[in-house]
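Asker: Structure incoming, see below.
Read-outs: derived from the displayed coordinates by stated rules, not from any lab. Not measured: the values here are computed from a predicted model. Cβ placement follows ideal geometry from the backbone for every residue including glycine, while neighbour counts extend to all protein chains displayed.
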Amino acid sequence: MMRLFINSLAASAGGGLTYIRNVIPHLAASPDLRVTVALSPNLRQEFPASSNIDFLELETPPPKRFWFEQSKLPGLIRRCGSDVLLSAGNFALRNSPVPQVLLSRNSVYTSADFYRDLITRGEYRTWLDTRFRAMLAKRSILWADCAVAPSESFAAELRHWTGRNVHAIHHGFDRDVFFGDSSPLAAEVEAKLELAQESLRLLFVSHYNYYRNFETLIRALPLLRQLLPNRAVTLFLTCKLSEGENPGDYRPKMAAKLVKDLGVDGMVVELGAIPYRQLHLLYGHADIYVTPAYTETFAHPLVEAMASGVPVVASDLAVHQEICGESAVYFPRFSVELLAATVAQVAQSPEALRRMSAAGTERARAFSWKTHVEKILALCRGLVDSKAGNKTSGQRAAEP
């Protein structure tokens, strides 16, 4: 039986949460596996008790997390008797006591667009902090025995960045889990959705951050209003453009000011965060899913939208094209005009909407959390077996 230790202390929002929520149930179904999961206490309540999974609740403030992991986790891993470590939060242990698989899934560290954006916004402290974290992330890939990226596009970027081999294993999608909860959305959210029933309903699922490029999407709204004069347009956001309402240190002041200055207050509906188990209900209210992100590693909402039959209009990132293929249409990521024109063109073509919906539903079937977990565990077992083989060879060489 293999003993796996998962460091998921960094899972607090976005893709990190989506990952751990979907992976743990599949690990719980593996009878030949014993797992210890290090996670924050507020995340523990999401997972039912399992006979082969132990949860280690650790309260670690983000500024101190890296140093806590480096100094405390090695001892915890030894005490758990673990055979292999899965570091799920971009940073590896410098001196792991066991073979280590690193999941690298933060593309801002390698994104020239992100660094330019920070300078434009005057976010010099964040620029310096990101550069420092990028250095640690790069070293982490060198420290780990095996590094994994969630898409081939990002894996290729990391290979170029570090000179090391990086495996590409797609993140997954589980239809039964995603569509399994039938509890209704909050009454306030339902009311906002109901008011926009007759409009062209655009959806963008993300908490506010800079690299998702909210401002380009907001700037496109007045143009959409001109291109579709006979139809109202509503953009639903799963965040609020106000201070203190989003994880991380990203400041939505510029985006909120843009909404006011462009006079699109009535077109933007800030729903706030929607529980993951209810997201499928939100997709059901959308006509088109739009993402203008300028850097990405996988983009789970694209798969969720496709599985929900919602046509996707996405920026022309290699990752987006890898995930969606021909089931989506693309626009240059900073082109306000082409974003608006692409959305308008799709919206005015019932045939395009039907084709994209059908193609997306089929495309989403290519992603499986079960397959993802199987491939990750195969890597882990390979490392454990390799270590055991090296140990045996060393013992034989030492024999007289």
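Asker: On a 0 to 90 degree scale, rounded to 10, what angle separates helix 152-162 from the longest Cα axis of the chain?
Answerer: With both axes taken from Cα atoms, the answer is about 60 degrees.
Asker: In degrees, nearest 10, range 0 to 90: what is the angle between the Cα axis of helix 14-28 and the longest Cα principal axis of the chain?
Answerer: The helix 14-28 is inclined about 50 degrees to the chain.
Asker: For every other residue with a beta carbon closer than 10 angstrom to the beta carbon of E243, add +1 if it is Lys or Arg and -1 if Asp or Glu, then tell me the sum. Walk me through the intermediate numbers first.
Answerer: On the way: positive: K240, R251, K253; negative: E245.
Overall, the nearby charge balance is +2.
Asker: Moving on to the next point. Give the order of R94, R333, R3 when sorted by the count of other beta carbons within 10 angstrom, beginning with the fewest.
Answerer: In increasing order of surrounding Cβ atoms, one gets R94, R3, R333.
Asker: Return the sequence-ordered ³J(HN,Hα) values of region 253-263 in whole Hz as given by the Karplus equation 6.51 cos²θ - 1.76 cosθ + 1.60 applied to θ = phi - 60°, using x for Gly and Pro.
Answerer: Listing the rounded values in order: 4, 5, 5, 5, 5, 4, 4, 5, 4, 7, x Hz.
Asker: To continue, here is another question. What residues have an amide H closer than 5 Å to that of A293, excluding those fewer than 5 places away on the same chain, when H is modeled at 1.01 Å from N in the peptide plane?
Answerer: It is S315, by chain and number.
Asker: With just the Cα atoms defining each centre, how far is region 315-364 from region 246-264? Give it in Å.
Answerer: 25
Asker: For semi-axes √(5λ) of the Cα gyration tensor in Å, the choices are (i) 40, 22, 20; (ii) 31, 24, 19; (iii) 43, 22, 19; which was calculated from the structure?
Answerer: (i)
Asker: Residue-wise, which Karplus ³J(HN,Hα) couplings in Hz belong to region 179-188, taking 6.51 cos²θ - 1.76 cosθ + 1.60, θ = phi - 60°, and x for glycine or proline?
Answerer: For region 179-188, the Karplus-derived couplings read 9, x, 9, 9, 5, x, 5, 4, 4, 5 Hz, x marking Gly and Pro.
Asker: In the neighborhood of L56, defined by Cβ-to-Cβ distances under 14 Å, what is the net charge if each Lys or Arg adds +1 and each Asp or Glu adds -1?
Answerer: Cβ neighbours under 14 Å give a net charge of +2.
Asker: Now for a separate question. If you average the C-alpha positions of region 163-186 and of region 29-68 separately, how far apart do those two centres end up, in angstrom?
Answerer: Centre-to-centre (Cα) distance: 19 Å.
Asker: For the chain, what does the helix formula give at 222 nm: sum of -39500 (n - 2.57) over DSSP H segments with n ≥ 4, over the residue count, nearest 500 deg cm²/dmol? Don't jump to the answer; show the numbers that get you there.
Answerer: Working: 16 runs with 191 residues, N = 400.
Computed ellipticity for the chain at 222 nm equals -15000 deg cm²/dmol.
Asker: Using a 10 Å cut-off around each Cβ, can you sort E188, E374, E152 from fewest to most neighbouring Cβ atoms?
Answerer: Ascending Cβ contact count within 10 Å gives the list E188, E374, E152.
Asker: Shifting gears a bit: Tell me, T162, T361 in order of fewest to most beta-carbon neighbours within 10 Å? Each step should come with its number before you reach the end.
Answerer: Values: T162 18, T361 15.
Least to most surrounded, the residues fall as T361, T162.
Asker: Could you run the Karplus curve 6.51 cos²θ - 1.76 cosθ + 1.60 with θ = phi - 60° over region 346-352 and give me ³J(HN,Hα) per residue in whole Hz, x for Gly and Pro?
Answerer: Here the 3J(HN,Hα) series is 5, 4, 8, 10, x, 5, 5 Hz.
Asker: Under the rule of at least 5 residues apart or a separate chain, name every residue whose amide H is placed under 5 Å from the amide H of C146.
Answerer: Long-range HN contacts for C146: Q100, L102.
Asker: What do you get for the angle between helix 112-121 and the principal long axis of the chain? Use alpha-carbon atoms, 0 to 90 degrees, nearest ten.
Answerer: 60
Asker: Same structure, new question: What dipole magnitude, in Debye to the nearest 20, does the chain give about its Cα centre under +1 on Lys/Arg Cβ and -1 on Asp/Glu Cβ? Don't skip to the end; give the middle numbers.
Answerer: Details: 44 positive and 40 negative charges, 248 e Å.
So the magnitude is around 1200 debye.
Asker: 5 Å is the cut-off here: which amide hydrogens, built 1.01 Å from N in the peptide plane, fall below it relative to S151, excluding neighbours closer than 5 in sequence?
Answerer: Residues meeting the criterion, in which the H sits 1.01 Å from N, are I169.
Asker: Let me ask something else about it. Starting from the Cα-Cα distance between K253 and N230, subtract it from 0.36 nm times their residue separation and give me the gain in nm to one decimal. If you can, show how the numbers build up before the last one.
Answerer: Numbers: separation 23, 0.36 × 23 = 8.28 nm, distance 3.12 nm.
Gain on stretching K253 to N230: 5.2 nm.
Asker: Need the full-extension length gain, R139 to R277, defined as separation in residues times 0.36 nm minus the C-alpha distance. One decimal, nm.
Answerer: Working it through step by step, the gained length comes to 46.1 nm.
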